[in-house]
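Working notes, beginning with the structure itself.
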Amino acid sequence: FGATLGKVSPLQILIITALNVTAYVGNKFLCVDYRGGVDNTGSLYTTHIFGASFGLGVSLLVSGKRPSENPDNRPRYQSNNYAVLGSLFMFVTYPSFNCYWAPAALRVYIATNTIMAELSGGMFSYIWANFFYPEGPSIMHLQDGVLAAGVAASTPACMFLPPVFMMVVGAGGSLLATLSFRFIQPSIEDQDSQGITSLHLLPGLWGALVMELVCIFGIDNTYWSLENMGLASQIMPHYGEQWASTETQALVTAFSLFVGGLAGAFTGIIAKLVGTQNALH
């Protein structure tokens, strides 16, 4: 909903919410209940990738003329500093969010992986900013790096990877967020005024790529030696069944992108029609 803030009326947001929840349930059924994809720990696919696609689909159709020029849609020094508190809270809430649905034996392991990814994302955000921003790093880069790292690590944190590897995942999510804010965000700021592409979609797709690599080299094959593989059947509903893990996770990614984008565009059309009718009356 960040992409629609300040662009829709309360009635429109109610319609968007109802259709969003409906589409979310449908996508969750396709990805997890029907296909058996791994997503219960962290919800990388059905929350981050789907949510980003849905929000951008809506925003493309309801955004007015140059909303980015409105000073209310721009960050302020004070709000940026207060937002650091959000980054601190993420170190507390993200690990518990990622490990809530995990087997009890893996919860500490998943929480540790998540924290390591967040630490790496926050640290590397300053390094990437020194490379790509002439003015150097700011507090915004820390916030973005921690959030992007948490998104990228959300479901991979349960995939039997050591914490050191999760630091690479976090650093990669932070790098994508930095590059996107530097080079992509300026051209889409009217449709994506809150950085959904940079903080959720691209880090989410990076996490999905990590999942694919783990499935190819460690699950469907044994090129990598993964930890705690004795608990694989509790994490992966399709483990050992007729569908390969690699194929399943690729389809789950496609489902979330397609269903999210299509449902978002449909919802945007409905919301815009409602807004037009209200304006006529």
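The values are calculated or read from the model by the stated rules, or taken from the named source; none is laboratory data. Worth saying up front: this structure is predicted, and the values here are computed from it rather than measured. Note that we place each Cβ from the backbone using ideal geometry, even for glycine, and neighbour counts take in every protein chain shown. For the accessible areas, the whole protein counts, side chains as well, though only heavy atoms, and no ligand, DNA or RNA atoms are used. Shrake-Rupley method; radii C 1.70, N 1.55, O 1.52, S 1.80 Å.
Only a single item in (1) part of a loop (DSSP other than H, G, I, E, B); (2) closer than 30 Å to P103 by Cα is not met by G170, and it is number (1).
Considering only residues in segment 61-91 that are loosely packed, with under 14 Cβ neighbours inside 10 Å and in a loop (DSSP other than H, G, I, E, B), the one that is modelled with the highest pLDDT turns out to be R76. Surrounded by 23 or more Cβ atoms within 10 Å (Cβ to Cβ) and under 20 Å from T41 (Cα atoms): does that describe A152? Taking the combined requirement at face value, the residue satisfies it.
Would you check which residues across segment 12-29 are closer than 12 Å to F50 by Cα and of a type outside the set (F, W, Y) and list them? If the condition is that a residue be closer than 12 Å to F50 by Cα and of a type outside the set (F, W, Y), then N20, V21, A23, V25, G26, N27, K28 are the ones that fit. Residue check: is L205 open to solvent by 70 Å² or more (accessible area, probe 1.4 Å) and at pLDDT 85 or above? Judged against the criteria, L205 is not a match. Out of all the residues in segment 177-192, is one or more at pLDDT 85 or above, closer than 21 Å to N98 by Cβ, open to solvent by less than 50 Å² (accessible area, probe 1.4 Å) and within 15 Å of the chain's Cα centre (by Cα)? Yes, because at least one residue in segment 177-192 is at pLDDT 85 or above, closer than 21 Å to N98 by Cβ, open to solvent by less than 50 Å² (accessible area, probe 1.4 Å) and within 15 Å of the chain's Cα centre (by Cα).
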